[in-house]
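A.B. asks: Here it is, the structure in full.
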Amino acid sequence: MKKSVFLMILITVLAWGATLWLDPPAPNMRSLMHEVYYLDGLLAWEAFAGAILLMTQPRLVAGLTGASFPEIGFWHKALGVSAILLSLIHWGTRMIFSPLVEPFATEPVPHIARHAAEGGFSAFWGALRPFAETSGLVLTIAACVLVILAVIPLLKGKYLWMQVHRLLGIVFIALTIHSIRLIETSDLLMPLGILTILVTIVGVICSVTAFLPKKY
């Protein structure tokens with residue numbers, strides 16, 4: 001199981017590097033910080049999706065990785081806590097990483113003039129951006145509370161434990177707007193964009209699976 005987790009991290013870093021090579025960012029703070037946001041945000045997203053996958057598909061994971069069920073349970077908790085920690089790092093990316101990125105910012109940040117979309121899908125897509133930005137923080141706070149409830153021994157019985165995990169599934173589905181909408185359009189067909197879409201699909205499917213009847 002440990003090898004699978006580290007392999008996913010390696011794939012993510014390689015996809016990030018390939019994206020930077022195929023589409024180098026402009027040497028200004030906006031472009032460079034976007035790339036850092038993208039990497040730590042995707043790592044948090046993968047940890048969240050991975051935790052849901054291990055909860056809803058333990059037999060499949062055991063068959064693919066050879067991990068025991070206690071080991072899967074340990075990594076489910078570890079990935080859930082990691083998702084929250086990485087989300088907090090993602091939220092504080094500018095404060096944490098801007099001093100490291102600043103020496104590489106040799107060009108001024110260009111002014112972006114945003115114009116109102118002229119209806120149709122463009123208008124809908126543009127209107128989603130403020131919600132995607134605001135909902136990210138609100139839903140991250142909700143996920144923090146739910147993960148704390150899930151990992152500390154307050155929940156007695158599987159029913160309450162399962163309800164908390166189902167709520168986390170709802171949070172994941174709601175966060176897809178944040179994770180997909182804030183990707184630059186040019187990044188969607190890049191290796192990191194494709195990986196983001198694949199992780200989102202797996203996470204959404206597993207989140208929906210959490211609502212299906214379970215046999216304990």
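The values are calculated or read from the model by the stated rules, or taken from the named source; none is laboratory data. Here the structure is a predicted model, which means the values were calculated and not measured. Cβ placement follows ideal geometry from the backbone for every residue including glycine, while neighbour counts extend to all protein chains displayed. Heavy atoms of the whole protein, side chains included, go into the accessibility calculation; ligands, DNA and RNA do not. Shrake-Rupley method; radii C 1.70, N 1.55, O 1.52, S 1.80 Å.
A.B. asks: Condition first: modelled with pLDDT under 65 and part of a helix (DSSP H, G or I). Now tell me which residues in region 115-154 satisfy that.
C.D. replies: Gly120, Phe121
So that you can scan it fast, the table gives a plain yes or no per residue for (1) open to solvent by less than 40 Å² (accessible area, probe 1.4 Å); (2) over 19 Å from Leu88 (Cα atoms):
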{"site": "Leu14", "(1), (2)": "no, yes"}
{"site": "Ser31", "(1), (2)": "yes, yes"}
{"site": "Gly41", "(1), (2)": "yes, no"}
{"site": "Phe48", "(1), (2)": "yes, no"}
{"site": "Gly63", "(1), (2)": "no, yes"}
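A.B. asks: Looking at Thr106, is it open to solvent by less than 40 Å² (accessible area, probe 1.4 Å) and of a type outside the set (A, V, I, L, M)?
C.D. replies: For Thr106, the condition - open to solvent by less than 40 Å² (accessible area, probe 1.4 Å) and of a type outside the set (A, V, I, L, M) - is not met.
A.B. asks: Leu100 - would you say it is touching a Leu at 6+ places or on another chain (Cβ under 7 Å) and modelled with pLDDT of 80 or more?
C.D. replies: no
A.B. asks: Let me ask you something else. Of the residues Met55, Met8, only one is at pLDDT 90 or above and either within 25 Å of Val147 (Cβ to Cβ) or not hydroxyl-bearing (Ser, Thr, Tyr) (or both); which?
C.D. replies: When all the criteria are applied, what remains is Met8.
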